[in-house]
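Nothing in this text is a laboratory measurement; each read-out follows from the coordinates by a stated rule. Values in this document were obtained by computation on a predicted structure and should not be read as measured data. Backbone-built Cβ (ideal geometry, glycine too); neighbour counts: all protein chains shown.
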Amino acid sequence: MSNDISRLPIQVQERLLRLQQLQQTLQSVMAQKQQVDAEQSEVDSTITELQKTPDDAVIYKAIGSLLVKAEKPKVTEELVERKELLTTRTTVLARQEERLRSQVKEVQTKLQEDLNPVTQSSQ
């Protein structure tokens, strides 16, 4: 297969490499987005549970492998801030994913044109 690729014009080889790079970056962004979505869901459920607990309830917060006693309002505030940060991160990743998908599609189209010159010249 690598022999077949080496027979292609340099421009086509570069486009193939660019396509592979874009696809890898897209996969990475999608994985990051999935992780952020999972964390956001966890934060949402934690906030929901905190809202159900009385204000004077004893709350513990995980810090590394330790559980430390904390005040409910402070923990709630931290979680709300974290949720806002995650929402922003999700938005950024979604835009990045959309841009990468567009770039992948564009490079694929150019590659098809390069690899099918007969179709292009007959139109």
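What's the angle, to the nearest 10 degrees (0 to 90), between helix 10-52's Cα axis and the longest principal axis of the chain?
Compared with the principal axis, the helix lies near 20 degrees.
In debye, nearest 20, what is the charge dipole magnitude of the chain about its Cα centre with +1 on Lys and Arg Cβ and -1 on Asp and Glu Cβ, if you could check?
Taking the Cα centre of the chain as origin, the dipole is about 360 debye.
Based on the Cα coordinates of segment 2-114, what is the per residue volume of their convex hull in Å³?
Expressed per residue, the convex hull around the Cα atoms of segment 2-114 is 118 Å³.
Lysine pairs in the chain 8 or more apart or on different chains: how many have alpha carbons under 20 angstrom apart?
Pairs that pass both the separation and distance tests number 12.
On full extension of the chain, what length is gained from Ala57 through Arg101, given 0.36 nm per residue of separation minus the C-alpha to C-alpha distance? List each step's numbers first, then the result.
On the way: separation 44, 0.36 × 44 = 15.84 nm, distance 4.76 nm.
The span from Ala57 to Arg101 would gain 11.1 nm if fully extended.
Starting from the Cα of Arg82, step 7 Å toward the Cβ, then list every residue of segment 2-46 with an amide N under 19 Å from that point.
Correct set: 32-46.
For the chain, what is the relative contact order in percent, using Cα pairs closer than 8 Å and at least 6 residues apart in sequence?
Once divided by the residue count of the chain, the mean separation gives 36 percent.
So how do Val43, Val80 line up by other beta-carbon neighbours within 10 Å, fewest first?
So the residues, fewest neighbours to most, are Val80, Val43.
If R0 is 22 Å, what FRET efficiency do you get for Ile47 and Thr91 from their C-beta distance, rounded to 0.05? Before the final figure, lay out the partial values.
On the way: r = 19 Å, r/R0 = 0.87.
According to the calculation, E is roughly 0.70.
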